[in-house]
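Trainee: Pasting in a structure now, in structure tokens, and then I'll have a few things to ask.
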Amino acid sequence: MRHSLTQQDHFGFIDEYAKREVRRATLKAICIPGYQVPYSSREMPMGRGFGTGGLQLTLSMIGPTDTLKVIDQGSDESVNAENIKGFVQQVCSGVHVTNKATEASIVQTRHRIPEAPMSEGQILVFQVPYPDSLVVVEASESKRRVMHSEADYAKLWVKLYEDIVRYGEITISHRYPTEIHGGYVIDPSPIPRYDTARLHQSPVIHLFGAGREKKIYAVPPYTDAKPLAFEDHAFRVESFLDQDGEQASCSVCGAKGVYFDEHYTDDGVVQYKCSDTDFCLQNLTNQKNGQ
Amino acid sequence: MANKVLEVNNVKKVYGSECPDCLQSTGPEHASNICPSCGSIVALGGVSFDLHANECLGIVGESGSGKSTLVKSLYFDQSVTSGKAWFTDQQGERIDLFAQHAAQQRWLRNNRLGMVYQNPHIGLNFDFTVGGNIAERLLMGGSRNYAKIRSSVQSYLEKVEIPLARMDDMPADFSGGMQQRVQIAKALVTKPSLLFLDEVTTGLDLSVQARILDLILQLRYDLDVAMIVVTHDLGVVRLLADRTIVMKNGQVVEGGLTDQVLHDPQHKYTQRLISSEL
Ligand SMILES: Nc1ncnc2c1ncn2[C@@H]1O[C@H](COP(=O)(O)OP(=O)(O)O)[C@@H](O)[C@H]1O
Ligand SMILES: [Mg+2]
Ligand SMILES: [Zn+2]
């Protein structure tokens with residue numbers, strides 16, 4: 001990291017004023033589920049697009065007693081995840097980091113929600129590249145704002161309609177538009193449909209931070225999250241099948257019914273592995289311990 | 001007497017910083033809609049008329065007389081400066097159009113009103129298929145059943161005589177006349193009780209114009225819809241309109257049964273319009 005830290009650097013890197021502003025935006029976001037609250041995003045010592053929105057959320061609320069988990073593509077060990085963890089540990093002395101989703105008070109994530117069931121009090125922070133679900137149908141932000149305020153999502157629905165016309169089904173795999181609490185339709189960040197479904201009535205606080213676009217939004221605990229779908233073309237999550245058409249299992253830990261990464265063996269056979277590396281490892285450890 | 005669908009009362013629209021002289025120093029007798037004191041444009045200088053259920057009203061007048069401003073205001077494309085417009089829907093509810101807030105206006109646009117523009121680029125979204133454009137109106141109204149939406153779209157494409165095989169093509173691949181047919185289907189698919197048509201055949205080939213006018217005439221008899229047809233072309237109102245009002249410089253100079261207005265024009269301006277057309 002280019003930035004070299006000195007003694008004067010503040011706990012949490014950003015100053016208290018900026019933290020308060022982010023926290024105020026966050027509280028507002030929780031009060032108005034799915035509404036994109038503008039805030040003045042700060043410069044972070046890493047390029048925007050590397051999770052600076054999520055990082056500002058994390059830094060604005062983390063304290064010395066917190067435990068942080070960071071995942072990128074489901075992995076705790078990816079370079080991005082390691083960088084962010086390293087940075088937070090540098091600027092927040094005393095903060096613990098963990099790989100275990102169940103132990104973390106804050107999970108900062110890109111692309112996935114941890115497989116392990118999380119519980120009340122835990123906070124999931126999503127790094128968001130594109131915060132506005134309407135950006136695919138309307139280029140003007142001021143028009144999008146009016147559309148959101150009037151819950152005018154017809155153009156988004158036309159996109160889904162035309163997907164079915166063209167492909168016989170809705171093909172959106174990530175960033176699936178999702179209606180929150182019967183009102184705003186959010187872009188749930190690049191998580192797969194499998195995870196989008198898990199936002200619904202989850203006990204966790206979900207916070208979404210877009211650094212470049214300077215927006216924060218939230219799905220509070222126990223809130224309805226309904227992926228847009230037609231009555232006769234229901235929302236479906238990814239299904240993973242083996243060669244025999246059976247439900248696939250993880251080639252490492254044997255888990256079924258979770259979200260997999262696909263790999264191909266040298267002879268071209270598809271193999272699945274848990275995309276959540278920590279979940280996979282825990283599973284394996286439990287099996288070794290005879291649980 | 002049939003029920004009134006629309007009662008428009010003294011509607012004014014001024015572009016610019018209105019001054020106390022605006023209204024009395026513009027209009028047909030001044031042969032201008034520009035206020036000499038402040039330079040504002042009085043696009044509508046107090047327009048009133050009624051429209052009855054299932055009636056077709058023609059609005060004629062030369063370019064700049066305020067016809068588009070009038071229908072765009074009634075369709076909430078723009079605001080008015082003052083005046084009232086009462087709309088009575090199929091259920092008999094009487095609605096003060098200009099007093100509705102944005103969400104109610106949007107609801108009325110989607111569920112009670114329809115508009116066909118001269119320019120298909122305003123009426124259609126060229127990023128969506130033809131079917132998608134028509135479906136959008138149903139989706140706005142809350143339809144969420146794909147198969148039902150498809151079949152409504154199909155039935156309205158049939159009504160406007162577009163081959164179903166072209167349902168999923170893009171508007172840009174359609175001729176001008178076909179684009180207007182798509183606009184008409186899009187406007188009608190939500191079964192509005194009031195349809196606005198603003199110069200919908202202007203600029204098309206004469207033979208294409210004739211067929212679209214025939215189609216509109218047919219739809220008038222098939223569907224339960226009142227229409228306001230805006231045109232600078234007296235031939236259009238002669239064919240379509242039961243009654244016609246004539247506008248000049250933002251005001252109505254004459255109105256009545258279309259035949260009467262065309263055969264026995266009272267106002268000098270109308271007489272000139274008719275003689276210039278012959
Ligand atoms: N957005 C605008 N700003 C200023 N003047 C306008 C605007 N729109 C229309 N006008 C003026 O209002 C008058 C009426 O225009 P319009 O309703 O388009 O006439 P018509 O449809 O009869 O040709 C014209 O003088 C026109 O120049
Ligand atoms: Mg016009
Ligand atoms: Zn596994």
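The values are calculated or read from the model by the stated rules, or taken from the named source; none is laboratory data. None of these values were measured; they are calculated from a predicted model. Neighbour counts run over all protein chains shown; Cβ positions are idealised from the backbone, glycine included.
Trainee: Could you please let me know if B:Arg211 is at pLDDT below 95 and more than 16 Å from ligand 2 (Cβ to nearest atom)? Lay out the reasoning, then the answer.
Mentor: Details: at pLDDT below 95: yes; more than 16 Å from ligand 2 (Cβ to nearest atom): yes.
So B:Arg211 passes the test.
Trainee: Further question on the same structure: Could you tell me whether B:Asp169 is away from ligand 1 (no atom under 16 Å from the Cβ), of a type in the set (D, E, K, R), modelled with pLDDT of 95 or more and surrounded by 15 or more Cβ atoms within 10 Å (Cβ to Cβ)? Let's see the steps before the verdict.
Mentor: Working: away from ligand 1 (no atom under 16 Å from the Cβ): yes; of a type in the set (D, E, K, R): yes; modelled with pLDDT of 95 or more: yes; surrounded by 15 or more Cβ atoms within 10 Å (Cβ to Cβ): yes.
So B:Asp169 passes the test.
Trainee: Turning to a different aspect of this structure: Filter the stretch A:247-275 for residues that are under 18 Å from A:His111 (Cα atoms) and either within 16 Å of ligand 1 (Cβ to nearest atom) or among the acidic types (Asp, Glu) (or both) and give the result.
Mentor: A:Asp261, A:Glu262
Trainee: Follow-up question, since we're still on this one. For the stretch B:219-236, enumerate the residues that are within 16 Å of ligand 2 (Cβ to nearest atom) and either closer than 16 Å to B:Val116 by Cα or among the basic types (Lys, Arg) (or both). Quick ask: steps written out before the conclusion?
Mentor: Filtering the stretch B:219-236 for residues within 16 Å of ligand 2 (Cβ to nearest atom) gives B:228-234, B:236.
Listed by number, the residues that qualify are B:Ile228, B:Val229, B:Val230, B:Thr231, B:His232, B:Val236.
Trainee: For the subset of the stretch A:214-266 comprising residues that are of a type outside the set (D, E, K, R), touching a strand residue (DSSP E or B) at 6+ places or on another chain (Cβ under 9 Å) and within 14 Å of chain B (Cβ to nearest Cβ), which member is nearest to ligand 2 (Cβ to nearest atom)? First the steps, then the outcome.
Mentor: Pass one, the stretch A:214-266, residues of a type outside the set (D, E, K, R): A:216-223, A:225, A:227-230, A:233-235, A:237, A:239-241, A:243, A:245, A:247-255, A:257-260, A:263-265.
Filter once more, keeping what is touching a strand residue (DSSP E or B) at 6+ places or on another chain (Cβ under 9 Å): A:216-221, A:223, A:225, A:227-228, A:235, A:237, A:239-241, A:243, A:247-253, A:255, A:257-260, A:263-265.
From what's left, within 14 Å of chain B (Cβ to nearest Cβ): A:227-228, A:235.
Working: A:Pro227: 43, A:Leu228: 37, A:Phe235: 45 Å.
Across the stretch A:214-266, the extreme among qualifying residues is A:Leu228.
Trainee: Determine if the stretch A:249-263 includes at least one residue that is among the aliphatic types (A, V, I, L, M), free of Cβ contacts under 8 Å to residues at least 60 places away in the same chain and under 18 Å from A:Ile123 (Cα atoms).
Mentor: Looking for residues that are among the aliphatic types (A, V, I, L, M), free of Cβ contacts under 8 Å to residues at least 60 places away in the same chain and under 18 Å from A:Ile123 (Cα atoms), one finds none in the stretch A:249-263, hence no.
Residues are listed down the side, and each one gets a yes or a no for (1) within 14 Å of chain A (Cβ to nearest Cβ); (2) crowded, with 17+ Cβ neighbours inside 10 Å; (3) within 16 Å of ligand 1 (Cβ to nearest atom):
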| position | (1), (2), (3) |
| --- | --- |
| B:Glu161 | no, no, no |
| B:Gln180 | no, yes, no |
| B:Ala185 | no, yes, no |
| B:Val189 | yes, yes, no |
| B:Asp198 | no, yes, yes |
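Trainee: Mind listing whichever residues of the stretch A:147-164 are closer than 18 Å to B:Asn125 by Cα, surrounded by fewer than 19 Cβ atoms within 10 Å (Cβ to Cβ) and facing chain B (nearest Cβ under 8 Å)?
Mentor: Correct list: A:Glu162 only.
Trainee: Inspect all residues belonging to the stretch B:65-74 and state whether any of them is crowded, with 20+ Cβ neighbours inside 10 Å, at pLDDT below 95 and assigned to a helix (DSSP H, G or I).
Mentor: Among the residues of the stretch B:65-74, not one is crowded, with 20+ Cβ neighbours inside 10 Å, at pLDDT below 95 and assigned to a helix (DSSP H, G or I), which makes the answer no.
Trainee: Looking at (1) under 22 Å from A:Gly257 (Cα atoms); (2) modelled with pLDDT of 95 or more; (3) not aliphatic (A, V, I, L, M), which is the one condition that is false for A:Asp72?
Mentor: For A:Asp72, the failing item is (2).
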